[in-house]
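Quick notes on the structure that follows.
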Amino acid sequence: MSELQTFDEQAFLDRDVVCLLGLPFDVVDLRQSVEILRRAARERRPCWLSTPNLNFLIGARSDPAFRRSVLVSDLSVADGMPIIWLARLLGLPLRERVAGSDLFEALHGEQGDQPVKAYFFGGPDGAAEAACRQVNARNSALRCVGFQSPGFGTLDSMSTDQVIGDINATGPDFVVVSLGAKKGQAWIGHNRSRLGAPLVSHLGAVVNFEAGTVRRAPPFWRRVGMEWLWRILQEPALWRRYAGDAAAVLPMLWHHVRPLAWARLSGGQGRDQGLQARLEDVGQGRQCLTLSGNCTVSHLHDLRQACQNALAGSGPLDIDMSAVTELDAHGMGMLLLAQAVWLRRDMPCQVVAASARARSRLLQHGCADLLASA
C-alpha cells in the first residue's frame, strides 16, 4: 500500500467554505464532491468527509468535540434539505443537497472509472456483510474489500491494533463507518492517523441502503425535502429524533438565523470599508493577526492570504478584530478553516479582541468558542 500524503495546510485553506450555524460547509455540488473523493483516492491524499445535516447542527451546539470533528474534516457537505433552506434564507451559495447516500451511489460510477475499494465498518449485525455482497454483485467501479460489525462496543474496544490492522490489511481506499453520528465521528478522529485508506466518512444509512434492509425514499420525496417522513415510515423509532431536532432548531432560528437574515435583507451589513490585515510576532512563539474593515466575501482573497501567511508561524494564533466592521458567512468560514488548522496542530487559534459588531456576528454565526475568555 502506498503511503498517504501529509496534511497540506495551504490546500486546506484554499477551500471555498461558508459558515452556517457554527459549522463549515464546502460550496460544492454532488458532481464536484464525487470528483474530490475520486481524486483523493487516486492521489492517496487523506480526505475525511463529513456530511452535516440538521441533527449535526443541533448536536454540535452542545458537544464541542462533535463540532471539532466537523471543523477538522477535509470536506463538509450539506446533507439535508433543511440545510439548503437555511442557506437560501441567508443568501448562501449552497444550491444542492449533497447526501452521503447519493455520494456513495455516485461512486459506483461507470465501468471505465478507476475502481474505488470500500470497507464497511459498523451497522446492524449482518448488514455490513450483506452490503459488501451487494456492492460486489453490481458491475460498477466500486467494490467492497472487507467489513466488520463491531456491535455496541466502546471506542477503545473498536480501536485496537487488531481492529485497525484488519482494516488496513484489505487495502481499502474508502472506510465507510456506521456507528451513529457522534460515535462515528469520534472513532474517525481517534483512528484517522492509523488508517491506511485515504478516504473515510461516517455514512450511517449507507450500509443499510446497500444491504437492502432499508429502502431509500423515491427521488421525488428527496427533492421536496420529505425523506425524513419516508425514513420514519421505514424506521418508526426515528420520529423521536426528528421531533427533537424540530424543537431544538426553533431557538436557533430566532437567535441566529433571524438577525443574520435581517442584516442581509435590510442592508444592515453597512458600507464596504475594505479589509486590512497585519501579521506580527508578539513573543513567546505567538502570532497576532490584526484585521480591520470588512471580513466579507468581497475581500475573501485578502483574508485567505492573511491566514495563509500565518501558516509560517509555529505557535498559537491570536486574532485581533477590534477594528472589524462586518463579518459575513464567507469570512466566518475562512476563520473556521484557520481555527481547524491550528486545532490539527494542537494549538489555540482565538479572537483576543473584537469590536461590538464582530462579537455580535461571531455569536450569531454560532462561533462563540473562537472568542478568548476574558
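The values are calculated or read from the model by the stated rules, or taken from the named source; none is laboratory data. Nothing here was measured: the structure is a model prediction, and the numbers come from that model. Note: ideal-geometry Cβ built from the backbone for every residue, glycine included; neighbour counts use all protein chains shown. Just so you know, the surface numbers come from the protein's heavy atoms only, side chains and all, with ligands and any DNA or RNA stripped out. Shrake-Rupley method; radii C 1.70, N 1.55, O 1.52, S 1.80 Å.
Key figures
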read-out: For region 65-190: rounded, prolate or oblate by the Cα gyration tensor [a/c cutoff 1.5]; value: oblate
read-out: Paramagnetic reach from ARG95 (point 7 Å along Cα→Cβ, amide N under 17 Å) across region 285-318; value: none
read-out: Heavy atoms of TRP239 accessible to a 1.4 Å probe, total area in Å² rounded to 10; value: 130 Å²
read-out: Environment charge at CYS144 (Cβ cut-off 13 Å; Lys +1, Arg +1, Asp -1, Glu -1); value: +1
read-out: Dipole of the chain, positive direction: furthest Cα of LEU90, SER140, LEU370, with charges on the beta-carbon; value: LEU90
read-out: Inter-probe distance in nm under a simple model that places probes 7 Å from Cα toward Cβ, at ASP346 and ARG278; value: 3.4 nm
read-out: 10 Å Cβ shell holding at most 13 others, DSSP loop, GluC sites (Glu not before Pro): longest site-free stretch of the chain; value: 111-374
read-out: 1.4 Å probe accessible area per residue over region 61-104, in Å²; value: 35 Å²
read-out: Förster radius 22 Å - calculated FRET efficiency between GLN305 and ALA141 (Cβ-Cβ, nearest 0.05); value: 0.05
read-out: Per-residue [θ]222 nm for the chain (sum of -39500 (n - 2.57) over DSSP H runs n ≥ 4, rounded to 500); value: -12500 deg cm²/dmol
read-out: Taking the convex hull of Cα positions in region 1-56, its mean projected area over all directions (nm²); value: 4.8 nm²
read-out: Accessible area of region 223-362 belonging to carbon and sulfur atoms, whole % at 1.4 Å probe; value: 55 percent
read-out: Net charge of Cβ neighbours under 13 Å - reference ALA65; Lys, Arg +1; Asp, Glu -1; value: +3
read-out: Across the chain: Cys residues that no other cysteine approaches within a C-beta distance under 4.7 Å; value: CYS19, CYS47, CYS288, CYS295, CYS307, CYS349, CYS367
read-out: Counted charge near VAL163, where neighbours are those whose Cβ lies closer than 12 Å (Asp, Glu -1; Lys, Arg +1); value: -2
read-out: Rough spin-label spacing in nm, given labels placed 7 Å along Cα→Cβ, for GLN134 and GLU235; value: 1.3 nm
read-out: Whole-percent carbon and sulfur share, accessible surface of region 43-175, 1.4 Å; value: 49 percent
read-out: Residue order for ARG286, ARG95, ARG357 - accessible surface, 1.4 angstrom probe, largest first; value: ARG95, ARG357, ARG286
read-out: Protein-only accessible surface order, largest first, of VAL352, VAL18, VAL249 at 1.4 Å; value: VAL352, VAL249, VAL18
read-out: Region 42-89, relative contact order in percent, only Cα pairs under 8 angstrom and at least six apart counted; value: 48 percent
read-out: The chain, dipole about Cα centre (Lys/Arg Cβ +1, Asp/Glu Cβ -1), debye to the nearest 20; value: 800 debye
read-out: Solvent-accessible area per residue for region 240-374 (1.4 angstrom probe, square angstrom); value: 46 Å²
read-out: Distance histogram in 10 Å bins (all Cα pairs of the chain, percent per bin); value: 5, 23, 32, 24, 12, 3, 0
